[in-house]
Amino acid sequence: MTRTVDESGRSLKDEVRAFWQSRPCGTKFTEGLEVGSPEFFRRVEEFRYAKEGHILEAANFSAARGLKVLEIGCGLGTDGVQFARAGAEYTGVDLTEAAVELARRNFAWRKLPGEFRTADAENLDFADDTFDLVYSHGVLHHTPDTARAVGEVRRVLKPGGRAVVMLYHRDSLNYRLNIGLLRRAGAHLLRSDAGVRLAHRLTGEPIESLQEHAARVREDARKYFSPAEFLSQNTDGPGNPLARVYSRAEARRLFKDFAGVETAVHFLNKRWLPVVGPVLPRAVEARLAAHWGWHLWIYAKKAEGGKQ
């Protein structure tokens, strides 16, 4: 069972908020640029769609013209920009003030309309039946009560409205092979400084990140190597307090109160394949990603009348 409150009384959600407040998603790829500058936002956008080009097709931003769209976990507003450019009436919410402020600045310099506010995905401050589309990419697997958040998605959707949500995929090569086997085996190297240096040479992982992992291994190895903790620490960086993975069947159960649920899988995450990844033919990569990709997309419709 996931812990909800630690010994100091700080909630798991507070830890999630603090983690992402200190490192808004995407900022780590912009070293040397002024945070919040136009060049910063351009770099984030270029990197995102170069690395995860499938998002443009999977999210189908152009189909949102004229729709009221809510994005849960807007981050820096990168995907929100695509909705606004397409002509959607866009609202972005995030758990952290840091992300909301940067998203506002991103829209402002581009002169795009959009509304932003801080919000908890499990307790959205919107009336029932408000939005035509609710979008959330890589966010709901980081909140303590994901099922409650999915219920909130359904509540704020209009009857006939659609949810488009990405969650981490349990039956992926990244989870089964990389995190479950390779990273777990390699983490034992982190017990010594020499092992940290060797792991850096073998994987190309930044030495600072490996040193953070090493500190956690040495502090409490049993906790670090426990399944839930290891997954969290090895998805979005050391210190990440919570991440989960879902199979297609588990995702369908999460969205059981929706109608017409469909799933698709994308993104092979070749970064953990230092030898094979760079030379993998695109056609092979696409076939592998469609079955064992890291990103599980869920497309769900709220039934007319709001009931099954």
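The values are calculated or read from the model by the stated rules, or taken from the named source; none is laboratory data. Just so we're clear, the structure is a prediction, and the values are computed from it rather than from any experiment. We place every Cβ from the backbone using ideal geometry, glycine too, and count neighbours over all the protein chains shown.
Quick check: is even one residue across the range 30-45 of a type in the set (S, T, N, Q) and within 24 Å of Asp132 (Cβ to Cβ)?
Checked against the condition, which is being of a type in the set (S, T, N, Q) and within 24 Å of Asp132 (Cβ to Cβ), the range 30-45 yields no hits at all.
Among the residues in the range 73-84, are any more than 27 Å from Lys270 (Cβ to Cβ) and in a helix (DSSP H, G or I)?
Yes: the range 73-84 contains one or more residues that are more than 27 Å from Lys270 (Cβ to Cβ) and in a helix (DSSP H, G or I).
Take Glu205 and decide whether it is among the charged types (D, E, K, R), surrounded by fewer than 15 Cβ atoms within 10 Å (Cβ to Cβ) and either more than 27 Å from Arg65 (Cα to Cα) or in the same structural domain as Asp79 (by TED's automatic domain parsing) (or both). First the steps, then the outcome.
Numbers: among the charged types (D, E, K, R): yes; surrounded by fewer than 15 Cβ atoms within 10 Å (Cβ to Cβ): no; either more than 27 Å from Arg65 (Cα to Cα) or in the same structural domain as Asp79 (by TED's automatic domain parsing) (or both): yes.
Judged against the criteria, Glu205 is not a match.
Residues are listed down the side, and each one gets a yes or a no for (1) modelled with pLDDT under 95; (2) out of contact with any strand residue (DSSP E or B) (no Cβ under 6 Å at 6 or more places or on another chain); (3) among the small types (Gly, Ala, Ser):
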site: Leu33; (1), (2), (3): yes, yes, no
site: Phe41; (1), (2), (3): no, yes, no
site: Glu45; (1), (2), (3): no, yes, no
site: Tyr49; (1), (2), (3): no, yes, no
site: Gly53; (1), (2), (3): yes, yes, yes
site: Ala58; (1), (2), (3): no, no, yes
site: Phe61; (1), (2), (3): no, yes, no
site: Lys68; (1), (2), (3): no, no, no
site: Glu71; (1), (2), (3): no, no, no
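Mind telling me which of the residues Glu219, Glu262 ends up being of a type in the set (D, E, K, R) and over 28 Å from Lys51 (Cα atoms)? Write out each step before concluding.
Working: Glu262 fails: over 28 Å from Lys51 (Cα atoms).
Only one candidate qualifies: Glu219.
Any residue at all in the range 27-38 that is within 16 Å of Asp79 (Cβ to Cβ) and either surrounded by 15 or more Cβ atoms within 10 Å (Cβ to Cβ) or of a type in the set (Val, Ile, Thr) (or both)? Walk me through how you get there before you give the answer.
First, pick out the residues of the range 27-38 that are within 16 Å of Asp79 (Cβ to Cβ): 27, 29.
Then drop every residue that is not either surrounded by 15 or more Cβ atoms within 10 Å (Cβ to Cβ) or of a type in the set (Val, Ile, Thr) (or both), which leaves 27.
Checked against the condition, which is being within 16 Å of Asp79 (Cβ to Cβ) and either surrounded by 15 or more Cβ atoms within 10 Å (Cβ to Cβ) or of a type in the set (Val, Ile, Thr) (or both), the range 27-38 yields at least one hit.
Just name the residue that is surrounded by the fewest Cβ atoms within 10 Å (Cβ to Cβ) out of those in the range 166-190 that are touching a helix residue (DSSP H, G or I) at 6+ places or on another chain (Cβ under 6 Å) and in contact (Cβ under 8 Å) with a residue 24 or more places away in the chain.
Asn178
Give the residue that is surrounded by the most Cβ atoms within 10 Å (Cβ to Cβ), with candidates limited to residues of the range 142-164 that are in contact with a helix residue (DSSP H, G or I) (Cβ under 8 Å, 6 or more places away or on another chain) and within 15 Å of Ala243 (Cα to Cα).
His142
Taking the range 24-83 only, how many residues are touching a Lys or Arg at 6+ places or on another chain (Cβ under 9 Å) and at positive phi?
3
Give just the number: which of (1) in a helix (DSSP H, G or I); (2) modelled with pLDDT of 95 or more does Arg162 not satisfy?
Here Arg162 meets the rest and fails (1).
Kindly provide the set of residues from the range 198-209 that are at negative phi and either at pLDDT 95 or above or not in a helix (DSSP H, G or I) (or both), ordered by number. Talk me through it step by step, then tell me what you get.
The first filter runs over the range 198-209 and keeps only residues at negative phi, leaving 198-203, 205-209.
Result: Glu205, Pro206.
Being surrounded by fewer than 22 Cβ atoms within 10 Å (Cβ to Cβ) and more than 19 Å from the chain's Cα centre (by Cα) is the filter here; which residues of the range 108-122 pass it?
Ala108, Trp109, Arg110, Lys111, Leu112, Pro113, Glu115 - these are the residues of the range 108-122 that are surrounded by fewer than 22 Cβ atoms within 10 Å (Cβ to Cβ) and more than 19 Å from the chain's Cα centre (by Cα).
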